[in-house]
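Every number in this text was worked out from the coordinates using simple rules, so none of it is lab data. Everything numeric in this text was worked out from a predicted model, so none of it was measured. No Cβ is skipped: glycine too gets one built from the backbone with ideal geometry, and neighbour counts run over all protein chains shown.
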Amino acid sequence: MFIVVGVTGGIAAYKSVQLVRLLVQRGHDVHVIPTQDSLRFIGLTTWEAASRNPVTTSVHDDVARVRHVALGQSADLVIVAPATANTLAAMAAGLASDLLGTTLLATTAPVAVAPAMHTEMWRHPATTANVATLRERGVLIVGPADGPLTGGDSGPGRMSEPEDIVAAALELASPAPADLDGLHVVVSTGGTREPLDPVRFLGNRSSGRQGAEIAAEAARRGATVTLVAASVDAGVLDTVTAHPRVTTRHVETAAQLGEAMTDAAASADVVIMVAAVADYRAARVSEHKLRKEDGPLATIDLVPNEDILAGLAASRRDGQMIVGFAAETADEDLLARARRKRERKGVDLLVVNEVGWDAGFGAGENTVAVIGDGEAVVAEASGPKSTVARAVWDAIVAARAAD
Ligand code: CTP
C-alpha cells in the first residue's frame with residue numbers, strides 16, 4: 001500500500017519513527033510528511049532513513065509534479081501521528097497551509113489520526129468539537145491513551161502505541177473479511193514450563209507472538225476466541241487480550257495446557273496448537289528448592305507428557321478442524337519430516353516453520369509452509385507474524401470450504 005504518514009509537532013513524534021518502521025517492515029511504500037514544527041523534534045534524515053523514501057515538507061518542492069496534491073492522490077491510507085490539538089483544528093477547518101494540509105484535502109483515502117496532547121487540551125470543548133467533526137467525516141481517531149505525559153502529568157492525551165495505531169489504520173484501509181463470523185476458535189500459544197522445584201523449570205524459547213497473532217486475526221475476522229497462553233514474552237498478549245471477543249486462560253505446564261485445551265475444544269469449530277509443548281516433565285518435582293548438599297543434581301529423571309494435539313485430533317467432534325504447528329530446524333528433510341508428523345498426529349493442517357538460533361522463536365518475522373490433505377503444500381507465507389497469521393487463516397478457511 002502507498003501510505004502517507006503525517007507527523008506534527010509533538011514530542012510523541014519520536015514514537016512515529018517506530019510506526020514508520022513497522023509499516024515499512026510490512027512491505028508498505030511509506031511517504032512521511034513532517035510539519036515544519038515537528039522537525040524541531042525529529043529531523044528529515046531520520047524520516048528518510050526510516051521510510052526509505054525522500055521526504056519534503058514544502059508545497060513549493062517538486063512543483064512540476066504537483067507534489068502538494070500528488071501524495072494525497074496516490075495514497076491508499078493516510079495516518080497522522082502524532083496529531084496535535086492545532087492539527088485537529090486545522091483538519092476540521094480544512095486548512096491547506098502546508099504540505100500535510102494540502103495532502104489531506106487532496107486525498108480520498110481513509111485517514112487515521114492519533115492525537116497527542118495534554119489532558120486539558122484534549123478535553124477542551126474546541127478539541128472535542130473538532131474530533132466530532134472529523135469522526136463525522138469518517139476519520140478514525142486512534143486513542144489517545146491514558147498515562148504519563150511530558151512534564152510529569154498523567155491522564156488521557158498520550159499518543160497510542162505505534163503497534164496499535166498501525167493495526168487500527170491497516171484495518172481501516174483493508175478490513176478483514178468476516179469469514180470466521182460466529183465460529184469458536186481455540187488457540188494455544190507460548191511455551192510450557194515443567195517445574196523441577198519451586199524455583200526451577202524446564203522451558204523453551206517460544207515467545208507466544210505467532211499464537212497471539214493467530215488469535216488476533218481470528219477475532220478480527222469475526223470468531224469468538226479462547227486463547228490458552230503458556231509462558232510468553234512481556235507485552236506479547238497486550239493487544240490481543242484487549243479484544244472483546246478474546247478470552248484468555250493462563251497455564252504453566254503441559255498438563256494444564258492439555259486440560260484447558262480439551263475443555264475449550266468441546267465447543268470449538270477450529271483448534272490450533274501453536275504452543276511449544278514440553279515433550280517431557282520431571283518424574284519428581286521437589287517440594288523445596290533442590291540444593292547441592294542434598295546430593296548430585298546432574299541427572300533429572302524425565303517422564304513423557306501426553307501428546308495434546310494428537311489427543312485432540314483423535315477425539316475431534318464432527319466438522320471440527322485441528323491444526324498443528326511444527327517448529328523444525330532447517331535441513332533438506334524438513335518438509336518430509338513435517339508430512340510424517342501431520343500423519344502421526346492426525347491433524348487436518350500442519351503449519352511448519354523453521355526455527356534456529358535466530359529464526360522463528362522470538363523473532364518478529366516467520367516463514368511457514370502449510371501442509372494439507374495428500375501431503376500437499378496448500379500455502380506458503382513469509383514476513384511479519386501478522387502476515388503469516390492471515391495466510392494461515394486463509395488456508396484454514398479454504399480447507400473448511402473444501403470439506
Ligand atoms: N504438541 C502437543 N503435545 C506435545 C508436544 C507437541 O500438542 N506433548 C503439539 C505442538 O503444540 C505442535 C505440534 O504438536 O502443534 C508439533 O510439535 P512438535 O514439538 O514439533 O512435535 P513433537 O511431537 O514434539 O515432535 P518432535 O519429536 O519433532 O519434537
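Evaluated at 25 °C with a viscosity of 0.890 mPa s, what Stokes-Einstein diffusion coefficient in µm²/s does the range 242-297 have when Rh comes from the Kirkwood expression over alpha-carbon pairs?
Values: Rh = 14.6 Å.
Value of D from the Cα-based Kirkwood radius: 168 µm²/s.
Using only the Cα atoms, work out Rg/Rh for the range 73-124, with Rh taken as the Kirkwood radius, to two decimals.
Numbers: Rg = 11.5 Å, Rh = 11.6 Å.
Value, to two decimals: 0.99.
Selection among L196, S231, G211 by position relative to the dipole of the range 152-234 gives L196 as farthest towards the positive end (Cβ unit charges, Cα centre).
Rg/Rh for the range 183-332: what does it come to with C-alpha atoms and Rh from Kirkwood?
Numbers: Rg = 16.8 Å, Rh = 16.3 Å.
Taking Rh as the inverse mean 1/r over Cα pairs, Rg/Rh reads 1.03.
Computed over every Cα-Cα pair of the range 21-131 and binned at 10 Å starting from 0, the pair-distance distribution P(r) comes out as 13, 45, 34, 8, 0 percent. Highest-first packing order for the peptide set 23-35, 107-119, 215-227 is 215-227, 107-119, 23-35, based on the mean count of other beta carbon atoms within 10 Å.
What separates the Cα centres of the range 1-52 and the range 115-134 is a distance of 23 Å.
The residues neighbouring E252, those whose beta-carbon lies less than 15 Å from its own, together hold a net charge of +1 under the Lys/Arg +1, Asp/Glu -1 convention. Summing +1 for each Lys or Arg and -1 for each Asp or Glu among the other residues whose beta-carbon sits under 14 angstrom from that of N130 gives +2. Each peptide in 152-161, 320-329, 72-81 was scored by the mean count of other Cβ atoms within 10 Å over its residues; highest first, the order is 72-81, 320-329, 152-161.
Between I79, A13, S58, the Cα set farthest toward the positive side of the dipole of the range 1-88 (charges on each charged residue's Cβ, about the Cα centre) is that of A13. Taking amide H atoms as placed 1.01 Å from N in the peptide plane, the amide H of G155 lies under 5 Å from those of G147, L149, each 5 or more residues away in sequence or on another chain. Peptides 92-102, 195-205 ranked from most to least packed by the mean count of surrounding Cβ atoms within 10 Å: 92-102, 195-205. Here's how it looks for V228: its modeled amide H is under 5 Å from those of V187, S188, T189, R249, which are all 5 or more places away or on a different chain. Global size of the range 154-206: 19.3, 50 Å for Rg and Dmax (C-alpha atoms, Rg to one decimal, Dmax whole). Ellipsoid semi-axes for the chain, based on the Cα gyration tensor and the rule √(5λ), read 45, 24, 20 Å when sorted largest first. Calculated mean residue ellipticity at 222 nm for the chain: -10000 deg cm²/dmol, from DSSP H runs with n ≥ 4 weighted as -39500 (n - 2.57), summed, divided by the residue count and rounded to 500.
Give me D for the range 264-403 in µm² s⁻¹, whole number, from Stokes-Einstein with Rh from the Kirkwood sum over alpha-carbon pairs, 20 °C and 1.002 mPa s. Don't skip to the answer; put the middle values down first.
On the way: Rh = 17.0 Å.
My calculation gives 126 µm²/s for D.
For V32, the residues whose modelled amide H falls within less than 5 Å of its own, excluding neighbours fewer than 5 places apart on the same chain, are V5.
Only Lys, Arg, Asp and Glu carry charge here, each on its Cβ (+1 for the first two, -1 for the last two); on that basis the range 25-169 has a dipole of about 200 debye about its Cα centre.
With +1 on each Lys and Arg Cβ and -1 on each Asp and Glu Cβ, and nothing else charged, work out how big the dipole of the chain is about its Cα centre, in Debye to the nearest 20. Magnitude of the dipole: close to 460 debye. Under a model in which nothing but the beta-carbon of Lys, Arg (+1) and Asp, Glu (-1) is charged, the range 263-348 shows a dipole of about 60 debye around its Cα centre. Rounded to whole numbers, the Karplus 3J(HN,Hα) couplings from phi for the range 224-241 are 8, 10, 9, 9, 9, 10, 7, 5, 10, 5, 4, x, 4, 9, 3, 6, 5, 5 Hz, using 6.51 cos²θ - 1.76 cosθ + 1.60 with θ = phi - 60°, and x at Gly and Pro.
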